[in-house]
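*Asks:* Provided herewith is a single structure, encoded as structure tokens, for subsequent inquiry.
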Amino acid sequence: MAKLRIDFLSDVVCPWCAIGLASLEQALRQLQGEVEAELHFQPFELDPDMPAGGMDVAENLKRKYGMSDAQLAENQARIRDRGAELGFTFDFNARSRTWNTFDAHRLLHWAAVEVPERQLPLKRALLVANFSEGRDISDPAVLVEVAAGVGLDATRARAVLDGGEFADAVREAENFFQRLGIRSVPAVIVQRRHLISGGQPPEVFKRALREIAAAGA
């Protein structure tokens, strides 16, 4: 069985990242017995200058991408349908604001360093908290609750958030991948050399991973 390292660059307020992760995981389930994946979540901030208190989701998207109301509604419907196909719920009524995600990335980095087997559950839970439940994932209390909910130590999570730990490490990782030319997410890097961009269907991930595994690179 081939063992592959997969670096998944994403943000927890990126809907296509939620789709991409659900799609990748479905592909990996279909490849059981052929491919064993070691997933590493890497930070990418869609809006690194997002102010405290966040912004209205619709206004931010229309400003950033020049969308009309009709285009926004069409885009959200497409995202909601893709998510439903993969078992992920997008509730755009519950989620009215978008938030700064730097602290969420610090928690994900902490999990990778100290309790690596909890990083994937934490990533999933943060995506659900944001997209399915409309929670403020910049709020330390919410972040601690989400971390505790996947088996991470709440006291340690609070200490990480309060003390600013892993801030330099997150920025260093962000800068590293930006220097590699990553400008959009999700970006899936396999074996540190093969890039799969975007929230691809499971079949695309499955075919690419099978080809990479067969090539032994």
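The values are calculated or read from the model by the stated rules, or taken from the named source; none is laboratory data. Being a predicted model, the structure only gives us computed values, none of them experimental. Reconstructed Cβ throughout: ideal geometry from the backbone, glycine too, with neighbour counts over all protein chains shown. For accessibility, only protein heavy atoms count, side chains too; no ligands or nucleic acids. Shrake-Rupley method; radii C 1.70, N 1.55, O 1.52, S 1.80 Å.
*Asks:* Out of the range 53-69, which residues are in a loop (DSSP other than H, G, I, E, B) and under 13 Å from T98 (Cβ atoms)? Talk me through it step by step, then tell me what you get.
*Replies:* Here is the first cut: in the range 53-69, the ones in a loop (DSSP other than H, G, I, E, B) are 53-54, 66-68.
Within the range 53-69, G53, G54 qualify.
*Asks:* Just checking, does the range 181-199 include any residue being over 17 Å from the mean Cα position of the chain (by Cα), farther than 23 Å from T101 by Cα and in contact (Cβ under 8 Å) with a residue 40 or more places away in the chain? It would help to see each step written out before you state the result.
*Replies:* Taking the range 181-199 first, the residues over 17 Å from the mean Cα position of the chain (by Cα) are 181, 191-194.
Among the residues that remain, those that are also farther than 23 Å from T101 by Cα are: 191-194.
This time we only want the ones that are in contact (Cβ under 8 Å) with a residue 40 or more places away in the chain, so: 191-192.
Yes, some residue in the range 181-199 is over 17 Å from the mean Cα position of the chain (by Cα), farther than 23 Å from T101 by Cα and in contact (Cβ under 8 Å) with a residue 40 or more places away in the chain.
*Asks:* Output yes when any residue across the range 14-22 is assigned to a loop (DSSP other than H, G, I, E, B), touching a Gly at 6+ places or on another chain (Cβ under 9 Å) and either of a type in the set (S, T, Y) or open to solvent by less than 40 Å² (accessible area, probe 1.4 Å) (or both), and no when none is.
*Replies:* Applying the first criterion (assigned to a loop (DSSP other than H, G, I, E, B)) to the range 14-22 yields 14.
Now drop any that are not touching a Gly at 6+ places or on another chain (Cβ under 9 Å), which leaves 14.
Checking the rest, the ones that are also either of a type in the set (S, T, Y) or open to solvent by less than 40 Å² (accessible area, probe 1.4 Å) (or both) come to 14.
Within the range 14-22, one or more residues are assigned to a loop (DSSP other than H, G, I, E, B), touching a Gly at 6+ places or on another chain (Cβ under 9 Å) and either of a type in the set (S, T, Y) or open to solvent by less than 40 Å² (accessible area, probe 1.4 Å) (or both).
*Asks:* Which pairs turn up if I take residues in the range 79-96 that are farther than 13 Å from P201 by Cα and look for partners that are charged (D, E, K, R) and assigned to a loop (DSSP other than H, G, I, E, B) with beta carbon separation below 7 Å, at least 6 apart in sequence or on another chain?
*Replies:* Pairs that qualify, where the first residue is farther than 13 Å from P201 by Cα and the partner is charged (D, E, K, R) and assigned to a loop (DSSP other than H, G, I, E, B), are A94/E133.
To keep it simple, each residue is scored yes or no on (1) among the basic types (K, R); (2) touching a strand residue (DSSP E or B) at 6+ places or on another chain (Cβ under 6 Å); (3) in a helix (DSSP H, G or I).
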site: L4; (1), (2), (3): no, yes, no
site: L24; (1), (2), (3): no, no, yes
site: L39; (1), (2), (3): no, yes, no
site: D47; (1), (2), (3): no, no, no
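*Asks:* Something else: Restrict the check to the range 199-216 and report whether at least one residue is of a type in the set (G, A, S), out of contact with any Ser or Thr (no Cβ under 7 Å at 6 or more places or on another chain) and closer than 20 Å to P43 by Cβ.
*Replies:* Checking the range 199-216: not a single residue is of a type in the set (G, A, S), out of contact with any Ser or Thr (no Cβ under 7 Å at 6 or more places or on another chain) and closer than 20 Å to P43 by Cβ.
*Asks:* A further question follows. Looking only at residues in the range 203-217 that are part of a helix (DSSP H, G or I) and out of contact with any Leu (no Cβ under 8 Å at 6 or more places or on another chain), which one is surrounded by the most Cβ atoms within 10 Å (Cβ to Cβ)? Steps first, please.
*Replies:* If we filter the range 203-217 for residues that are part of a helix (DSSP H, G or I), which is where we start, we get 203-215.
From the residues that got through so far, the ones that are out of contact with any Leu (no Cβ under 8 Å at 6 or more places or on another chain) too are 203-204, 207-208, 211, 214-215.
Working: E203: 12, V204: 15, R207: 13, A208: 17, E211: 11, A214: 11, A215: 10.
This residue is A208.
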